[in-house]
Amino acid sequence: MSVERTVTIVPEAGLHARPAAAFVEAVNDHEAEVSAGQPGDDLVQAGSMIAVTSLGVGQGDELRLVADGPDAAAVLDELEDILTTPEEELSA
Amino acid sequence: MADRTLHGTGATPRSGLGTVVWYDPEVTLPDPEDVTVDRDAESEQFAAAVETARAELESERAATADRVGEDEAAVFDAHIQFLEDPTIEDAVETSIADGLPAANAVDDAFGEHIEQFEGMDGRMAERADDLRDVRDRLLRVLTDSERVTLGQVPEGSVVLAERLTPSDTAQLDPDTVAGFATVTGGRTSHAAIFARSLALPAVVGVGDALDDVAEGAEVVVDGDAGTLLVGPDEDEREAAAADTGAAVVEEAVETTDGHHVEVAANVGRPEELSAAADRGADGVGLFRTEFLFLDRESPPSEDEQYEAVREALDTFPDGRVVVRTLDIGGDKRIPYLDLPEEENPFLGERGIRRSLDPDSGLFATQLRALLRAAADGAGELNVMFPLVASVEELESALDAVDSAAADLDDRGVAYERPSLGVMIETPGAVFVADELAARVDFLSIGTNDLTQYVMAADRENERVGDLHDPTYPGVVRAIHRTVEQAHAADAWVGMCGEMAGDPDLTELLVGLGLDELSMSAVTIPDVKTEVSETEYSTASERADDARLAATRSAVQTTIQDT
């Protein structure tokens, strides 16, 4: 069963560089298929750094996340955490 | 004069002299027509190359975190994710299955995305550099190319390159490399930020003219002027060779006869805080708050400002952080604040003038954020008001602090009154320094504006650039008078203009009695070293000569006569 959630991006850099790396790593650490995109737009593969970066999502933008698989709920929790933590508090 | 002078953007106020070593990371790809491809072998090679590249990235990440800082190391996390991107992996495997060698498959797979990012603007375009960096790393492993190791260039090399990626700069050893210059890049490029954090002489964005500089040529990288001098003359070589910089001094410094002088950093963005601490700053002597208001569509909230100041205070738990309240107007403009067009903005509505009216709402928000941070932050918060010209303005600002405290009382929020101070930047403030000092805890002399206003010479107008010099007696006497009046009122007095960061002027400033010198992080070690080699009693005598001197050349004689 797929679950979905829409999150507003907090890190100043948006979904780039460090937040993006943490985001993609979290996706690939879980047993779930995750896709992401701005509400109303096509979704892309969330486990691809290139795809996630090219979304061009900045601070204050909304991101829609859809997850499917045994870890679906857990991965969304972790992704929401990453997307709502200011960059300077994100432990590397 | 040098044979040729190339112009770019200076990344660090430092000069270096050295011999050109060109860095060209390009690898030659096999011609797919010439090779017979064993699909399974190519596929295995690709997987192995990804493993090797990952191991390299992890070790470079660790080395960078150790040598430069966690912020600079974070880019390698992004590279690891690009390296293992499933889109790339799928594309490479498909190409290999179609009969392409692994190296060509990698080149194609990355090439498509590099082009895609290059077509976008700003931050996205920078991702093209990251992808290029990851591609080149993989290709090097796959083609078994000798890596042009930047870590092993001879001592005294000036590295020239089209661009330097984070992986490249991570290998540069600032103790052996004399500097670098690149064809592309701006002040905020990876390479420029890296250079600044290590105080390495660097000029970026020189353009194609750089390509004509020959391997082995002698050059001076002047990161202050933003120039590359090809074939420098004797004077230029000596000047650059002498600009080596001192070792970082962690502890507080005093003169040989035991007079303490605080050496602090000017900070304009939060990411400069850790660099300042690394360069041995005792604290922050000027925390500019404008960054909080720039590049956005509406002013920052009280909480956002509170967080930013907290971060500064927590970076210097045993030190002092002097925050300047919002200083806009003049040449600093912010779209949503609707600044008026003025005939002469430097003599117009700027600094505290705007904060009292029409920006009193913003000012109140900022003061509440500061008072809250003073209670919660680790370091000692000090707050100062810019461009004060009269006692009336100071009194209004102090009233605003009282109102902010009253508001927080009403809200039942914890706060503390920070130490308060006034920036001395106008002749008007110099003449009433005694009255100002009697009402606050400290004064801080902003020499860039003070020189501009005392000498009536526009900072930005090169035609009067010669007059914009703080060693004119008019400015030296204004500084002396300010220090004397502050001390008579039991206030401490600091300096946060560019003059404070010039090691040649340290003895004069210590002699004039400045209690604190604040500067851009790069020159902190040099000034700390100067302070600890100065004898206070001698410096005071020399400073007396300087403040009694009639001409700039007479002032300079007292400085050079060591």
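The values are calculated or read from the model by the stated rules, or taken from the named source; none is laboratory data. This one's a predicted model, so the numbers in the text were calculated from it and none came from an experiment. We place every Cβ from the backbone using ideal geometry, glycine too, and count neighbours over all the protein chains shown.
In table form, for the structure just shown:
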{"item": "Test for B:Leu450: is it of a type outside the set (Val, Ile, Thr), under 21 Å from B:Val383 (Cα atoms) and either part of a helix (DSSP H, G or I) or at pLDDT 95 or above (or both)", "result": "yes"}
{"item": "Top-ranked residue in the stretch B:82-91 [being part of a helix (DSSP H, G or I) and of a type outside the set (S, T, N, Q); ranked as surrounded by the fewest Cβ atoms within 10 Å (Cβ to Cβ)]", "result": "B:Asp90"}
{"item": "Candidates B:Arg310, B:Arg320, filtered to the one that is closer than 17 Å to B:Leu381 by Cβ, away from chain A (no Cβ under 13 Å) and within 24 Å of the chain's Cα centre (by Cα)", "result": "B:Arg320"}
{"item": "Residue count, the stretch B:92-114 (criterion: more than 12 Å from every other protein chain (Cβ to nearest Cβ) and outside any loop (DSSP other than H, G, I, E, B))", "result": "14"}
{"item": "Number of positions in the stretch B:69-79 that are at the interface with another protein chain (Cβ under 7 Å from one of its Cβ atoms) and closer than 10 Å to B:Val134 by Cβ", "result": "1"}
{"item": "Residue in the stretch B:453-466 that is within 24 Å of the chain's Cα centre (by Cα), under 19 Å from B:Leu509 (Cα atoms) and not polar (S, T, N, Q) present", "result": "no"}
{"item": "Helices (runs of 4 or more DSSP H) (entirely within the stretch B:476-562) containing at least 2 residues that are within 29 Å of the chain's Cα centre (by Cα) and among the polar types (S, T, N, Q)", "result": "B:524-533, B:552-560"}
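Quick grid of which residues meet (1) among the aromatic types (Phe, Trp, Tyr); (2) surrounded by 24 or more Cβ atoms within 10 Å (Cβ to Cβ); (3) closer than 25 Å to B:Thr451 by Cα:
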| position | (1), (2), (3) |
| --- | --- |
| B:Leu292 | no, no, no |
| B:Pro299 | no, no, no |
| B:Ala308 | no, no, no |
| B:Leu326 | no, yes, yes |
| B:Ala373 | no, yes, no |
| B:Asn382 | no, yes, yes |
| B:Val391 | no, no, yes |
